[in-house]
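Below you'll find the structure, written out as structure tokens, and then a few comments.
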2 protein chains.
Amino acid sequence: MRITVLAGGVGAARFLNGLCRVADPAGVSVVCNVGDDFAWHGLHVSPDIDTVIYTLAGLEGEQGWGHRGDSFAMLDELEALGEEPWFRIGDRDVATHLWRSERLRGGEPLSAVTAELARRRGLRCRVLPVTDDAHPTIVATPDGELSFQDYFVRGRASATVTGLRFPGAADARPAPGVIEAVAEADAVIVAPSNPFVSIDPLLAVPGVREALEGARGARAAVSPIVGGEAVKGPAAAIMRSLGHEVSALGVARLYAGLIDVFVLDEVDAALADAVEALGLRTVVCETMMTSAERREALARRVLEAAT
Amino acid sequence: MRITVLAGGVGAARFLNGLCRVADPAGVSVVCNVGDDFAWHGLHVSPDIDTVIYTLAGLEGEQGWGHRGDSFAMLDELEALGEEPWFRIGDRDVATHLWRSERLRGGEPLSAVTAELARRRGLRCRVLPVTDDAHPTIVATPDGELSFQDYFVRGRASATVTGLRFPGAADARPAPGVIEAVAEADAVIVAPSNPFVSIDPLLAVPGVREALEGARGARAAVSPIVGGEAVKGPAAAIMRSLGHEVSALGVARLYAGLIDVFVLDEVDAALADAVEALGLRTVVCETMMTSAERREALARRVLEAAT
């Protein structure tokens, strides 16, 4: 059974963690957002890819990102050299970025480097960056445009988001295997990720939205909004500032026409009828992935509904 | 008083440590070997420059190189990724290489990056790479040629050295200030460094040997060979395999014609007459820099003789 997951960061990684326990990982393809990628002191950092790989390797940090139990001697030393340590790369984590950056500079595409990294971390699923091309997310705020990490980490996602832009999208080509993974899978699952800064940049790569629209398999999405709040991150604030209803229903409206099944939390059961009125089937279940058991149970429910 | 020191790694750094305590560091210029520089996972590592800067900043590691009390989490993680950790870069040390590499990739020359690094480390002396150009030391052995670090670190300096080659020398231009520092100083001191892999590469940069030959100030060298052995590193083995006498006298013969004063250890006092027969003045004193006091005493003796 071939399952493809459209993935952002922590929420997607946790969902995949459960999925790869209840389905054969060899059939799972993860299409990862690269809109958060950036150059950190000359190293290529791919936050979403790393969160997925670390989590599936059982190495994720306590907050969901970075490497578990990491130390920060390098960062302290950069600070001693006068650099502002606004993005906290740990000592173990930097090995990943060094390893990746050396290969990218040697001319290997991100997709090949990511596949090899996943293999070396012992993963059996496929991890695909949506594109090998530069495809950054730019955040518009009342004070001007910011790169994603300037908005998200440096600015702690405190700026009001008035728009999002993907200036590389028009020229970005889907990475090898991405279109097939979406178009030909038995099921395509939109992970519980931020619709605007995780999923939209995937759909913005030419061919990906069309592949999802014409997908052979069933398409499901898990709401990242539960009880009117984002489980993690700035999704709720961004929905609000862009004029959307901050609810699972608001998310369902964003995905209507692209998916068949919408998965929402039990606390949002009252919204199910309105979601179905959008032409979507609904699954109402526990979606908070606070334990391995819950992650597996959610993955199982989503798979049942999508196959 | 302007003092210029031709410098390799640990021995030079220790000598400079004493010198900068007995002379005004603002008058001291250090011309550093870059023949050991290499790319480590895409980062530009300058071992001799770093040893000098760390030591003068009081941050040198217990072995004389790297950052004091460093940890190795990053290296452990690279090993977990399947990389052989033959060159041991610590977590704090990597901050230096990241910092440097980012600037070099941005187009700044090594001399400017080094000057700024020295400033940020609180140094008051000038640290000059001999050249901003690529100028690697290549080591010939019975089994073929090796890069310097493949010979020195990976191979633990165990190969027999049959020759040394500086393929970048002909095209290397002295970094800004190097020629003036040598030609116009009140004293030029050849540090107790390896004559073949630290000092020769400096002299191989077009104009440097000529500047030393025609230097305005007195020129002194401190023997890196004491009692027939190298204080540190492979100098004795290289001298032997290249057919030179392994002694302070052997070193003096290498430098005859380029310097005025030769400083040798008390244990080699019996060689002083033979060194003077080469046309050099001699200073016989304790040269083992095993304490701050001894480093200062040596620097004072060399300065007295050279000014």
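The values are calculated or read from the model by the stated rules, or taken from the named source; none is laboratory data. Everything quoted here is computed from the prediction, not taken from an experiment. Cβ sites come from the backbone with ideal geometry, for glycine too, and all protein chains shown count toward neighbours.
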Report task. Can you confirm whether the range A:55-68 contains a residue that is buried (at least 18 other Cβ atoms within 10 Å of the Cβ), assigned to a helix (DSSP H, G or I), among the polar types (S, T, N, Q) and more than 13 Å from every other protein chain (Cβ to nearest Cβ)? Result -> yes
Counted residues in the range B:69-123 being more than 25 Å from A:D70 (Cα to Cα), facing chain A (nearest Cβ under 10 Å) and among the acidic types (D, E) come to 1
Exactly one of B:S198, B:S223, B:S247 is crowded, with 18+ Cβ neighbours inside 10 Å and under 17 Å from B:T137 (Cα atoms), and that residue is B:S198
Selection from the range B:267-299 of residues of a type in the set (D, E, K, R) and within 27 Å of B:T55 (Cβ to Cβ) yields B:D268, B:E286, B:E293, B:R294, B:R295, B:E296
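Kindly indicate whether A:I225 is at pLDDT 95 or above and touching a Phe, Trp or Tyr at 6+ places or on another chain (Cβ under 6 Å). Lay out the reasoning, then the answer.
On the way: at pLDDT 95 or above: yes; touching a Phe, Trp or Tyr at 6+ places or on another chain (Cβ under 6 Å): no.
The answer is no for A:I225.
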A:D132 fails exactly one of (1) among the acidic types (D, E); (2) away from chain B (no Cβ under 14 Å); (3) in contact (Cβ under 8 Å) with a residue 40 or more places away in the chain; (4) in contact with a strand residue (DSSP E or B) (Cβ under 8 Å, 6 or more places away or on another chain), namely (4)
Answer yes or no as to whether B:G35 is more than 10 Å from every other protein chain (Cβ to nearest Cβ), assigned to a helix (DSSP H, G or I) and either at pLDDT 95 or above or touching a strand residue (DSSP E or B) at 6+ places or on another chain (Cβ under 9 Å) (or both). no
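Here is a yes/no grid of residues against (1) touching an Asp or Glu at 6+ places or on another chain (Cβ under 7 Å); (2) among the hydrophobic types (A, V, I, L, M, F, W, C):
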{"residue": "A:N33", "(1), (2)": "yes, no"}
{"residue": "A:W40", "(1), (2)": "no, yes"}
{"residue": "A:V45", "(1), (2)": "yes, yes"}
{"residue": "A:T55", "(1), (2)": "no, no"}
{"residue": "A:L59", "(1), (2)": "no, yes"}
{"residue": "A:W65", "(1), (2)": "no, yes"}
{"residue": "A:D70", "(1), (2)": "yes, no"}
* With the condition kept exactly as written, say whether any residue in the range A:89-96 is within 20 Å of the chain's Cα centre (by Cα) and either modelled with pLDDT under 95 or farther than 15 Å from B:D91 by Cα (or both). => no
| field | Residue within the range A:125-148 that is surrounded by fewer than 19 Cβ atoms within 10 Å (Cβ to Cβ), aliphatic (A, V, I, L, M) and touching a Leu at 6+ places or on another chain (Cβ under 9 Å) present | value | yes
Requested in this report: Say whether the condition of being facing chain B (nearest Cβ under 10 Å) and either in a loop (DSSP other than H, G, I, E, B) or in contact (Cβ under 8 Å) with a residue 40 or more places away in the chain (or both) is met by at least one residue in the range A:4-17.
Outcome: no
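For every residue, the table says whether it meets (1) basic (K, R); (2) modelled with pLDDT under 95; (3) in contact with a Lys or Arg (Cβ under 9 Å, 6 or more places away or on another chain); (4) surrounded by 22 or more Cβ atoms within 10 Å (Cβ to Cβ).
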site: B:A170; (1), (2), (3), (4): no, no, no, no
site: B:S193; (1), (2), (3), (4): no, no, no, yes
site: B:G233; (1), (2), (3), (4): no, yes, no, no
site: B:V251; (1), (2), (3), (4): no, no, no, yes
Picked from the range A:45-54 (must be more than 12 Å from every other protein chain (Cβ to nearest Cβ) and of a type in the set (S, T, Y)), the residue surrounded by the fewest Cβ atoms within 10 Å (Cβ to Cβ) is A:S46
Reported set for the range B:148-177 where residues are out of contact with any strand residue (DSSP E or B) (no Cβ under 6 Å at 6 or more places or on another chain), on the phi > 0 side of the Ramachandran plot and touching a residue at least 12 places away in the same chain (Cβ under 8 Å) is B:A157
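Over 24 Å from B:N194 (Cβ atoms) and assigned to a helix (DSSP H, G or I): does that describe B:L104?
On the way: over 24 Å from B:N194 (Cβ atoms): yes; assigned to a helix (DSSP H, G or I): yes.
So B:L104 passes the test.
For B:E213, state whether it is within 30 Å of B:A172 (Cβ to Cβ) and of a type in the set (D, E). Can you show your working first?
Details: within 30 Å of B:A172 (Cβ to Cβ): yes; of a type in the set (D, E): yes.
Yes: the conditions hold for B:E213.
Determine which member of the set B:A299, B:A306, B:A272 is within 19 Å of B:V246 (Cβ to Cβ), among the small types (G, A, S) and either within 21 Å of the chain's Cα centre (by Cα) or surrounded by 16 or more Cβ atoms within 10 Å (Cβ to Cβ) (or both).
On the way: B:A299 fails: within 19 Å of B:V246 (Cβ to Cβ); B:A306 fails: within 19 Å of B:V246 (Cβ to Cβ).
Answer to the check: B:A272.
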Conditions (1) within 14 Å of chain B (Cβ to nearest Cβ); (2) in contact with a Gly (Cβ under 6 Å, 6 or more places away or on another chain) -> A:A185 fails only (1)
